[in-house]
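To start, the structure itself, in structure tokens.
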Amino acid sequence: MKAFGSFHPAVLLTYFVAIIGIFMFASNPVMRVTALLGGILFCLLLQKKREIPGNLGFYIPLFLLVAVTNPLFSHAGVTPLFFLNGNPVTLEASVYGVFLAVTVIGVMMWCKCYSEIMTGDKFLYLFGSIVPKLSLTLSMAFRFLPLFVRRMKTVTTARRGLGLYSQRGFVDRIKGTGQVFLSVISWSLENAMETSMSMRARAYGKAKRTSFSLFRFTMRDGVMIFVTLLLFALTVTGMASGATDFFFYPRIGELSLSPLAVTAYSSFAILAFLPFVIEVRGALLWRYYISRI
Amino acid sequence: MKKVISYITFFVLIPAVTVGGALIFRDRQYAWITLCVALLSCIPFFLHFEHRADVKRLVTVAVMTALSVLGRIIFTPIPAFKPVAAFVIITAMYFGGEAGFLVGSLSAVISNFWFGQGPWTPFQMFSWGLIGLVAGFLSEPMKKSRIVLIIYSILAGVSYSLMTDIWTVLWADGYFNISRYLAALVSALPFTAVYALSNVVFLLIFARPIGKILERIKVKYAL
């Protein structure tokens, strides 16, 4: 179920930069709440079902923690609700606390979606052309991880075959693991040096290199990037004109409902719910195709 | 050309982001401005690496990054007890501060593909990178004396905590609320202690043996 993930990496990056960028700078409760809802719905679709309860157990307490601590630390605002240790707990700070919690959780949600969608290969594909050496380093490091795990297993097995193992307690086991780790380090470094010599023998770095990838920019990607940029522009226009400005201090401000502000809210809402809609549409299409087989 | 770009990021873009951000977003959006600055300050190192690094260096950085990420993944069950900073320091001791910076910041990027990317990624990149960069300056004394090594690893753990808590406060409040910062520092005290302790433990155990391996590699392959 990753209909949204099948877009071209450039489209996806544009989308995430647009949504997280607006989210960061729009200090407007309507927009933040819309983005939070969009993020939660999208995240729900991307997650494995069994991970959901654990996540709820993490995010709900975090939400409450941020919401509750703000009025305790910040005494700005003009409407005191009650006094705690001689410090006023104000209505404004409490509302702002909830707003902050929405922000914090919302950004985390969208970053979670980002991690799910922008996998390592897409990330490397995008940056490979700009910083080829750096992305080669990154992709080698990615590749080394499973390799090193396998080597650790190999060395452990070999040591066991030599009779070099111990179950005589914690310290001994740690020592054993440390030795395995050290030998994997020297094995891997020597191996890497050979790789580097082989690369040099093949004239690495002498000319521009091409790389293989499965991503192709199609009509669908073109439409998606156009829609994203259009919605982004509409929202930013609203924000830049000040129509969506909102103040919590010293007194909670009024929400603007001018045409410009409403345009900004609605285009941002479309932007925020777009991945969810695309995912649902993809899932429905899939059901439909399956039913035809 | 690349050199020009790196000077531009340092002397133009960073102040521009700071001043521009403060002017445009009157709404105390310091968190995002600091985030951009953290990210921008990594760019000169990346560009320098892109421009200068030869194949051997590239592969070494990849191996050391993979090892530190592997360490972070292996130690997932124990919160805050991670060998990443230790690996960054060891790399910096034997391959210089720039390699340390790269291993630190790349480890943050890669390991967060497992632990979750977020607005904290640039801060981790910057903090671990900085720990590596400074370790590069202290490499000789650290190789010679264990006391210097222990002191630096404690300092690295504490400053990691100090730096990441700046982010916590900016993120939660939108501006630098000193009382919340102090509260965050106090509540993070156990974590700070574990950071420092894990650095000391890993460095005391691994600095010498890994150092021996690295020295040997350096001689054997003329690094």
Practice prompt. At 1.4 Å probe size, with no ligands or nucleic acids counted, give the accessible surface of A:Arg281 in Å², nearest ten.
Written response: 150 Å²
Practice prompt. With a 1.4 Å probe on protein heavy atoms only, work out how much accessible surface A and B bury together, total over both chains, in Å² to the nearest 100.
Written response: 4900 Å²
Discussion item. Show me the helices of chain A, taken as full DSSP H stretches, that run 27 Å or more along their long axis by Cα and average 1.6 or above in Kyte-Doolittle hydropathy.
Written reply: A:219-240
Discussion item. Counting heavy atoms of the protein chains only and a 1.4 Å probe, report the per residue accessible area for region A:30-96 as a whole number of Å².
Written reply: 54 Å²
Fill in: Solvent-accessible heavy-atom area per residue, rounded to whole Å², over region B:54-220 at 1.4 Å
36 Å²
Discussion item. Eigenvalues of the Cα gyration tensor times 5, then square-rooted: what semi-axes does that give for chain A, in whole angstrom, largest first?
Written reply: 45, 30, 20
Worksheet entry | Rounded to 10°, Cα long-axis angle of helix B:178-187 versus longest principal axis of chain B | 40 degrees
Response to the item:
Under a Gaussian network model of chain A whose springs join Cα atoms within less than 10 Å, the largest fluctuation of A:Val30, A:Val98, A:Val171 belongs to A:Val171
Item to complete: Run the 1.4 Å probe and let me know the accessible area of B:His51, rounded to the nearest 10 Å².
Response: 110 Å²
Fill in: When each of A:Lys133/B:Lys220; A:Lys208/B:Lys212; A:Lys2/B:Lys82; A:Lys153/B:Lys56; A:Lys122/A:Lys175 is checked by Cα-Cα distance, pairs over 31 Å
A:Lys208/B:Lys212; A:Lys2/B:Lys82; A:Lys122/A:Lys175
Worksheet item: By accessible area of protein heavy atoms, probe 1.4 Å, what ranking do A:Thr119, A:Thr137 get, highest first?
Response: A:Thr119, A:Thr137
Worksheet item: Where the Cα atoms of region A:184-293 are projected onto their three principal axes, how long is each span, largest first, in whole Å?
Response: 67, 55, 33
Worksheet item: How big is the C-alpha Rg of region B:49-158 next to the rule-of-thumb value 2.2 N^0.38 Å, as a ratio?
Response: 1.02
Discussion item. Leaving out ligands, DNA and RNA, and with a 1.4 Å probe, what % of the accessible surface on region A:132-201 is carbon or sulfur?
Written reply: 61 percent
Fill in: Gaussian network model of chain B, springs between alpha carbon atoms under 10 Å - residue of B:Leu149, B:Leu133, B:Leu70 with greatest fluctuation
B:Leu70
Worksheet item: Relative to the longest principal Cα axis of chain B, at what angle does helix B:121-137 sit, 0 to 90 degrees, rounded to 10?
Response: 50 degrees
Worksheet item: Over all distinct Cα pairs, what is the inverse of the mean 1/r for region A:1-77, reported as the Kirkwood hydrodynamic radius in Å?
Response: 15.1 Å
Practice prompt. Mind checking which aspartates and glutamates have their Cα closer than 13 Å to the Cα of B:Lys144? Skip sequence neighbours fewer than 8 apart in that chain.
Written response: none
Practice prompt. Measure off, as a whole percent, the carbon and sulfur share of the 1.4 Å-probe accessible area of region B:54-220, all protein chains present.
Written response: 76 percent
Item to complete: Relative to the longest principal axis of the C-alpha atoms of chain B, give the angle of the C-alpha long axis of helix B:84-95, reported between 0 and 90° and rounded to the nearest 10°.
Response: 60 degrees
Item to complete: Divide, for the protein assembly as shown, the radius of gyration over alpha carbons by 2.2 N^0.38 Å, where N is the residue count.
Response: 1.06
Worksheet item: Can you give me the pair-distance distribution of region B:82-212, C-alpha pairs, 5 Å bins, whole percents?
Response: 2, 12, 20, 23, 19, 13, 8, 3, 1, 0
Worksheet item: Viscosity 0.890 mPa s, temperature 25 °C: Stokes-Einstein D of region A:70-133 from its Kirkwood Cα radius, in µm² per second?
Response: 165 µm²/s
Worksheet item: So what is the relative contact order of chain B, in percent, for Cα pairs below 8 Å that sit 6 or more residues apart?
Response: 21 percent
Item to complete: Work out the P(r) tail for region A:132-201: percent of alpha carbon pairs separated by more than 18 Å, whole number.
Response: 50 percent
Worksheet, complete the sentence: Looking at region B:53-73, residues buried by 40 Å² or more relative to their chain on its own, accessible surface at probe 1.4 Å, turn out to be B:Val55, B:Lys56, B:Leu58, B:Val59, B:Ala62, B:Val63, B:Ala66, B:Leu67, B:Leu70
Fill in: Within region A:106-202, trypsin sites (Lys or Arg not before Pro) in DSSP loop having at most 12 other beta-carbon neighbours inside 10 Å
A:Arg168, A:Arg202
Fill in: Nitroxide proxy distance, nm - points 7 Å out along Cα→Cβ at A:His75 and A:Leu257
3.7 nm
Worksheet item: Got a number for the accessible area of A:Thr103? Probe 1.4 Å, square angstrom, nearest 10.
Response: 10 Å²
Worksheet item: Measuring with a 1.4 Å probe in the full set of protein chains, what accessible area per residue, in whole Å², belongs to region A:132-201?
Response: 58 Å²
Worksheet entry | Which of B:Cys36, A:Cys113 is most accessible, then next, and so on - probe 1.4 Å | B:Cys36, A:Cys113
Item to complete: Indicate the residues belonging to region B:110-156 that lose 20 Å² or more of solvent-accessible heavy-atom surface (probe 1.4 Å) upon moving from the chain alone to the assembly of all protein chains, ignoring ligands and nucleic acids.
Response: B:Ile110, B:Phe113, B:Trp114, B:Gln117, B:Pro119, B:Trp120
Worksheet item: Which value, to two decimals, describes the C-alpha radius of gyration of chain B once divided by 2.2 N^0.38 Å?
Response: 1.04
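The values are calculated or read from the model by the stated rules, or taken from the named source; none is laboratory data. Small disclaimer: the values here were computed from a predicted structure and weren't measured. Neighbour counts are summed over all protein chains in view; Cβ atoms, including those assigned to glycine, are modelled from backbone coordinates with ideal geometry. Please note that ligands, DNA and RNA were not included when accessible areas were found on the heavy atoms of the full protein model with its side chains. Shrake-Rupley method; radii C 1.70, N 1.55, O 1.52, S 1.80 Å.
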